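In what follows, a structure is listed as structure tokens, so that the remarks can point back to it.
Rule-based calculations on the coordinates, nothing more; no lab input. All of these numbers come straight from a predicted model, not from anything done at the bench. Cβ sites come from the backbone with ideal geometry, for glycine too, and all protein chains shown count toward neighbours.
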Amino acid sequence: MTLIKERAVKMIQHMPEDTMFYVVNILENLQAMSINREKDKEMAKAALEDILNMEKRLPADFDIKRELAEARDERYGNIN
């Protein structure tokens, strides 16, 4: 057992019995948070993998200025 766990056990052993409900409640919440963190990490890894799998290359003749101008024209038309 690590020193920090030993310290926590000693603190719990010296607490009155009527406060143990709060200690257990706190520990259950901490445990739930750590489970959720693992699930969040797994979801983030899966999302990154999806993004990397969707990676595509642009054609050699891709003109970003022309694409931007066409997109603006399509969206806003001739405002003048």
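Tabulated data for the structure shown
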read-out: Dipole axis of the chain (+1 Lys, Arg; -1 Asp, Glu on Cβ), positive-most option in 22, 33, 46; value: 22
read-out: Where N is the number of residues in the chain, Cα Rg divided by 2.2 N^0.38 Å; value: 2.42
read-out: Distance between modelled label sites at residue 1 and residue 17, nm, 7 Å Cα→Cβ extension; value: 2.1
read-out: Size of charge dipole - region 24-80 - debye, nearest 20, with Cβ of Lys, Arg +1 and Asp, Glu -1, no other charges; value: 120
